[in-house]
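Working notes for the structure below.
The values are calculated or read from the model by the stated rules, or taken from the named source; none is laboratory data. Only a predicted model underlies this, so the values are computations on that prediction, with no experimental measurement involved. Here Cβ is always computed from backbone atoms with ideal geometry, including for glycine, and neighbour counts include all displayed protein chains. Accessible surface areas use protein heavy atoms only, side chains included; no ligands, DNA or RNA. Shrake-Rupley method; radii C 1.70, N 1.55, O 1.52, S 1.80 Å.
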Amino acid sequence: MILVLIEHDRGSLAPASLEALTAARTFGDAVEALTIGDTADGLAADLEAYGVTVVHQAHDDVLGDYGPEAWGEVVAQAVRALSPAVVLATGTDRGNEVLAQAAARLDLPFAANAIELRGSADADTLDMTRVRWGGSLLEDASLTAPTKLVTVAHHAVDAAPADTPGAATPSLLAVEIDPSLARTVVSGRVEREAGVTLATAPVVVGGGRGVGSADGFAPLQELADELGGVVGCSRAVTNNGWRNHTDQVGQTGTRIAPDVYFACGISGAIQHWVGAMASKHIIAINTDQQANMVTKAGHAVIGDLHEVVPAITAEIRRRKSA
Amino acid sequence: MRICVCVKRVPAPGSKINITADGQQVDTTNLGFTTSPHEECAVEAAAQLVEEHGGEATVLTLGPAEAEEQLRYAISVGMHRGVLLATADGEWDPQRTARALTTAITELEAVDGPFDLILFGNESADAGGFQVGIRVAHALGRPMVNGAKGLSVADGAASVEREADAGRETYSLPLPAVVGVKEGVNLPRYPTMRGRLASKKAEVASNQPSADAGGLAEQVLKSPPERTSQTIVLGTGPDAAPAVVDVLEELGVLS
Ligand SMILES: Cc1cc2nc3c(=O)[nH]c(=O)nc-3n(C[C@H](O)[C@H](O)[C@H](O)COP(=O)(O)OP(=O)(O)OC[C@H]3O[C@@H](n4cnc5c(N)ncnc54)[C@H](O)[C@@H]3O)c2cc1C
């Protein structure tokens, strides 16, 4: 049996979880789900389409909101009670955190961010390919354990409903949670302001070391505004204090997937590239024709971004007013 | 307050990551090494907390003998002493690493008293295991939250902020606690001349750890399929602007 951890925020499903459910079906074994906290009981109905046979529901006073230790403890107790061959979650912040917590409690190995799982779930060893370096490098690895704890890298699998829906029969899982684990339950929140974010913007105008200063970003901001987009940057820029880290694209920043990414004065280091490669179209502006960003981009302008960027903005304005 | 920061030495590749012929390692010929970025921020966080609250910070690493370079760098930006768990047999799996770190921390605490705070990076830049800090915290019986984008200490508790789909979440962990931080939590400082000198003289203890291997084993490294593109050069300098805007029109992003 494959047990899939369903991620949710106070009862609203994290769509990323459907990726783990989709991956779970490739084993051909029964797929069961685990929801944590009574706020998630209503999700059972949503899981039928994904082929889930049973939804194990854990209830406890400590489980009213997310807490990594309490959630990890629930997964550990579910493993002891149900002896699944494999436990899957999607490799989000919470997915990786909860399975690591469970693995620590069970003293079992855990593999984060697999993109392919091979072989039978019941074998002693599960072979897989997982990502290193945020996706710049892959690793074939083997995980040997009675229950294999694995996350599936986010976006590695497209979520798809099953050919035959499952019953998704709710089943109460008896858990005993030490009340002291409330110490890591979310204690407060600041809701996000509405608006385009770097991760969801249709256009990103990114600047690198070539921009030269914090003020140098003003023309990039103007171009972004003209196109309904946002400004992004490289780590060289954040390290220099020219932009906030919230604007950083890459392995240790944000992964973007806009329709158009302007990469201005960015060399295209591999750690930047992994954050930008999901862009549909890349236009590189660089003085160096050999720059990695230029050779990987669909379109490029060779030149000084301080001249090229304002010229593009001016041309857009000219056409808009024509 | 007493703080321990656990860091990892990683190579700093440029436009591509090359793999050795046997597929077992990153080919580091001509590469520099650095501290994994999240942990660089963990070091900075520790330096700031000690500046604010007083106390002492220890930087701890498990890795090759050369990782002494990263320990001395951390000392140059505010850590007080370094401890190296020197391995000679390549990369250790996450369970083995966590066991060795737990033993080392327990030994350090037996001598000098408990750490109020142990800091890790959210995940290492190279292996990306997302678990060593969590395992150490559990073994020590301490609360742990990963992914911190904000960290402060007051009244015997660490308050942690982190990003989630719906906004920012806050957590309040009673000390002693363990926190995994993410890049962006602060902007790491550069070493001063005085810091550099201090790091040369500072005490760096070194010993050979031993711990049982865990159940996750690397078999072979591979490069992901590369996206190659026939780049269309639209022109040189500002004269290329109309051609760029033509492309934008074609793509339908000019509304
Ligand atoms: C573990 C790890 C994680 C990392 N994570 C990230 C990450 O998340 N994001 C990230 O971005 N980096 C990351 N990096 C850093 C990365 O390796 C590079 O150092 C960084 O991306 C370089 O930034 P850059 O392209 O702006 O600067 P550079 O590499 O210095 O490139 C500047 C470019 O600008 C061009 N240029 C200069 N002047 C002009 C001009 N006037 N007009 C046009 N072009 C000009 C140059 O030709 C050059 O191509 C990471 C590194 C490590 C080791």
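Remarks
- For B:Met1, the accessible surface of its heavy atoms amounts to roughly 40 Å² (probe 1.4 Å, protein chains only, rounded to the nearest 10).
- Inter-part distance where region B:48-123 and region A:286-322 are each reduced to a Cα centre, Å: 46
- q = 0.11, 0.12 Å⁻¹, the protein assembly as shown: log10 I(q)/I(0) [Debye, one scatterer per Cα]: -1.06, -1.23
- In chain A, helical runs assigned H by DSSP with n ≥ 4 each contribute -39500 (n - 2.57); averaged across all residues and rounded to the nearest 500, the mean residue ellipticity at 222 nm is -7500 deg cm²/dmol.
- Cβ-Cβ FRET estimate between B:Thr170 and B:Glu249, R0 fixed at 56 Å, reported to 0.05: 0.80
- Between 0 and 90°, nearest 10: helix A:68-82 axis offset from chain A longest Cα axis: 40
- Note on B:Gln208 and A:Thr26: with the Förster distance fixed at 51 Å, the Cβ-Cβ geometry gives a FRET efficiency of about 0.75.
- 5 angstrom amide H check on A:Leu173, placed H, neighbours 5+ away: A:Gln57, A:Ala58, A:His59
- Applying a DSSP loop filter and a limit of 16 other Cβ atoms within 10 Å to the trypsin sites (Lys or Arg not before Pro) in region A:163-204 leaves A:Arg192.
- Interface of A with B. Using a 1.4 Å probe and counting protein heavy atoms only, the two chains hide about 7100 Å² of accessible surface, both sides summed.
- Student exercise, region B:2-207 dipole from Lys, Arg, Asp, Glu Cβ charges, in Debye to nearest 20: 300
- Only the Cβ atoms of Lys and Arg (+1) and of Asp and Glu (-1) were treated as charged; on that basis the dipole of the protein assembly as shown about its Cα centre amounts to roughly 1240 debye.
- The lysines within cross-link reach of A:Lys148, meaning a Cα-to-Cα straight distance under 30 Å and a gap of 8 or more places when in the same chain, are B:Lys8, B:Lys182, B:Lys222.
- Relative to one another, the C-alpha centroids of region A:12-37 and region B:231-255 are positioned 43 Å apart.
- Within a straight-line Cα-Cα reach of under 14 Å, A:Lys296 can be paired with the following aspartates and glutamates, leaving aside sequence neighbours fewer than 8 residues apart in one chain: A:Asp288, B:Glu226.
- In Å, descending, principal axis extents of the Cα set of region A:265-317: 32, 22, 15
- Loop-resident sites, region B:157-255, for GluC sites (Glu not before Pro), counting at most 11 other Cβ within 10 Å (DSSP): B:Glu203, B:Glu226
- Shape call, region A:203-321: gyration tensor on alpha carbons, a/c limit 1.5: rounded
- Note on surface exposure: A:Tyr261, A:Tyr50 rank A:Tyr50, A:Tyr261 by accessible area, highest first, 1.4 Å probe.
- Approximate spin-label separation B:Asp239-B:Ala12, in nm, with each point projected 7 Å along Cα-to-Cβ: 3.9
- Shape box of chain A [Cα atoms, principal axes, largest first, Å]: 65, 40, 37
- For chain A, the dipole from Cβ point charges (+1 on Lys and Arg, -1 on Asp and Glu) about the Cα centre works out to 1120 debye, to the nearest 20.
- Ordered by solvent-accessible area of protein heavy atoms (1.4 Å probe), largest first, the residues B:Lys200, A:Lys296 come out as B:Lys200, A:Lys296.
- Take A:Ile302: with every protein chain present and a 1.4 Å probe, its accessible area is about 20 Å².
- Shape category assigned to region B:131-228 from the gyration tensor of Cα positions, a/c cut at 1.5: rounded
- Cα-based Rg of region A:2-184 normalised by 2.2 N^0.38 Å, two decimals: 0.94
- Most positive-pole-ward Cα, A:Val204, A:Cys233, B:Gly121, against dipole of the protein assembly as shown from beta carbon charges: A:Cys233
- Global geometry of chain B, whether rounded, prolate or oblate, following the gyration tensor of its Cα atoms and the 1.5 cut on a/c: prolate
- FRET efficiency for A:His306 and B:Ala21, using Cβ-Cβ distance with R0 set to 56 Å, rounded to 0.05: 0.80
- Å² per residue, accessible surface of chain A at 1.4 Å: 36
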